[in-house]
Amino acid sequence: MFGPGGKPRGPYGGTCRAIFALCLLAALVTSLPVRAAEPPLDQIRLPPGFRIERFAQVPNARQMALGRDTLFVGGMRDGRVHAVPLVKGRAGKPKVIAQGLTLPVGVAFRDGDLYISAISRILRIRDVERRLDAPPPPETVFDALPTETHHGWKFIAFGPDDALYIPVGAPCNICAPDPDRYALIARLDPATNQLAVVARGVRNTVGFDWHPRTRQLWFTDNGRDWLGDDAPPDEINRLDRPGRHFGYPHCHGKALADPEYGRDCAQFTPPARELGAHVAALGMRFYTGTQFPARYRDAIFVAEHGSWNRGRKTGYRVMAAILEGDRVVAYEPFATGWLQGEGTDAEQVLGRPADVLVMPDGSLLVSDDHAGAVYRIVYGE
């Protein structure tokens, strides 16, 4: 099903055909490693009782994964993966443990080993925490994923079933690619090294997690471009059983049929929550700690990376999705201020949240690939 290489069988849509190079260039340029000055953290607004601090300086920081005594941080265009040693919850000096890779955004830790996504490959560094000062070259675990770089970077994570979950984005803005190879989430069985598709119609998810009580998979999804400033919405989705189709490329959000590939939206699984258009919802995690107030228990924190092709910028913040059962009953700002002058001609980007991670003490880490930083948000200290 997932043989080496391969191209989408469906044709690219007219819009994407005309501006495909522009779409790809813009998406990648916005993720270039920028050596920006660290944002003044007094500009970041949080609910009462919270504060934010710099945790570590990590160039191009994207997905985060926690080892036993190490924070691992994937990268984007610089091709590097960093390890941040932890001593009593505090960060040591970051170390480069892998480099020369192709968009190694995703990192996942399991049984002492670090797994890394690199477009068509899943790599592994065995016994990584014992080898931080002299890590070996990563070994290849799986190498039969598609090779396209457009939406080819991957957030990866191990599920409650101990399988490694791997998304494959659509290789375009809008097109109808092979549904067995693209626009999906798959699980890699570590025992057999076989892939199985668990969700289809997923344009580009760069963040997912499992509900701590129901164990259902929830994930963000980025909507298509070039339908205007306010459409279509980004999404938070819930997978209640394997095999669900979430609409791409036919339907966006709950009821917006695509102008090129549209079908009746009632055929597809609707999102658990529609988000703002172009906010670029990336990393998301359920809050499983006890440090934050009870309102945030089992809530979802979402890193909105921020728009790149909207008249007025939007996103650039961390949001909190409040749940009652399997319903998202509120979606509210939690950490804002990385976008200054929002809605004016004087907009200024101070940072771009890319991922969030709950620490053992209940604090929340936020990665920022624009400023090259990892922040820590704490309550009541």
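Buried (at least 24 other Cβ atoms within 10 Å of the Cβ), hydroxyl-bearing (Ser, Thr, Tyr) and under 16 Å from VAL356 (Cβ atoms): is that true of TYR331 in this structure? Criteria not met by TYR331. So is VAL366 modelled with pLDDT of 95 or more, assigned to a strand (DSSP E or B) and buried (at least 21 other Cβ atoms within 10 Å of the Cβ) or not? Considered against the rule, which asks whether it is modelled with pLDDT of 95 or more, assigned to a strand (DSSP E or B) and buried (at least 21 other Cβ atoms within 10 Å of the Cβ), VAL366 comes out as yes. Which numbered condition in (1) touching a strand residue (DSSP E or B) at 6+ places or on another chain (Cβ under 6 Å); (2) surrounded by fewer than 16 Cβ atoms within 10 Å (Cβ to Cβ) is the only one that ASP240 fails? Among (1) touching a strand residue (DSSP E or B) at 6+ places or on another chain (Cβ under 6 Å); (2) surrounded by fewer than 16 Cβ atoms within 10 Å (Cβ to Cβ), the lone unmet condition for ASP240 is (1). Please indicate, with yes or no, whether at least one residue in the stretch 130-145 is under 17 Å from the mean Cα position of the chain (by Cα), assigned to a loop (DSSP other than H, G, I, E, B) and among the aliphatic types (A, V, I, L, M). No, the conditions are met nowhere in the stretch 130-145. Do we have any residue at all in the stretch 148-157 that's surrounded by fewer than 22 Cβ atoms within 10 Å (Cβ to Cβ) and more than 28 Å from ARG224 (Cβ to Cβ)? Among the residues of the stretch 148-157, not one is surrounded by fewer than 22 Cβ atoms within 10 Å (Cβ to Cβ) and more than 28 Å from ARG224 (Cβ to Cβ), which makes the answer no. Of ARG90, ARG54, ARG68, all but one fail to be without any contact (Cβ under 8 Å) to a residue 40 or more places away in the chain, charged (D, E, K, R) and at negative phi; the exception is ARG90. Just one of the numbered conditions (1) farther than 22 Å from PRO259 by Cα; (2) over 18 Å from the mean Cα position of the chain (by Cα); (3) assigned to a loop (DSSP other than H, G, I, E, B) is not true of LEU188: (3). Please go through the stretch 14-49 and give me each residue that is at pLDDT 95 or above and surrounded by 21 or more Cβ atoms within 10 Å (Cβ to Cβ), ordered by number. Within the stretch 14-49, ILE44 is the sole residue that qualifies.
Residues are listed down the side, and each one gets a yes or a no for (1) in contact (Cβ under 8 Å) with a residue 24 or more places away in the chain; (2) in contact with a His (Cβ under 9 Å, 6 or more places away or on another chain); (3) on the phi > 0 side of the Ramachandran plot:
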| position | (1), (2), (3) |
| --- | --- |
| PRO177 | yes, no, no |
| ARG187 | yes, no, no |
| LEU195 | yes, no, no |
| ASP225 | yes, yes, no |
| ASN237 | yes, no, no |
| LEU256 | yes, no, no |
| GLN267 | no, yes, no |
| GLY276 | yes, no, no |
| MET284 | yes, no, no |
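Cβ-Cβ contacts under 6 Å between residues 6 or more apart (or on different chains), taken from a first residue in the stretch 99-118 that is of a type in the set (Phe, Trp, Tyr) to a second residue that is surrounded by fewer than 20 Cβ atoms within 10 Å (Cβ to Cβ) and in a strand (DSSP E or B), are listed as TYR115/ARG124. Among the candidates ASP225, ASP229, ASP234, which residue alone is of a type in the set (Asp, Glu), loosely packed, with under 15 Cβ neighbours inside 10 Å and over 24 Å from ASP180 (Cβ atoms)? On inspection, the qualifying residue turns out to be ASP229.
Just so you know, in the stretch 285-310 the residues that are crowded, with 24+ Cβ neighbours inside 10 Å and in contact with a strand residue (DSSP E or B) (Cβ under 6 Å, 6 or more places away or on another chain) include one that is farthest from GLU324 (Cα to Cα), and it is HIS305.
The values are calculated or read from the model by the stated rules, or taken from the named source; none is laboratory data. Fair warning: this is a prediction, and the values are worked out from it, not measured in the lab. Using ideal geometry, Cβ is built from the backbone for each residue, glycine included, and neighbour counts are taken over all protein chains shown.
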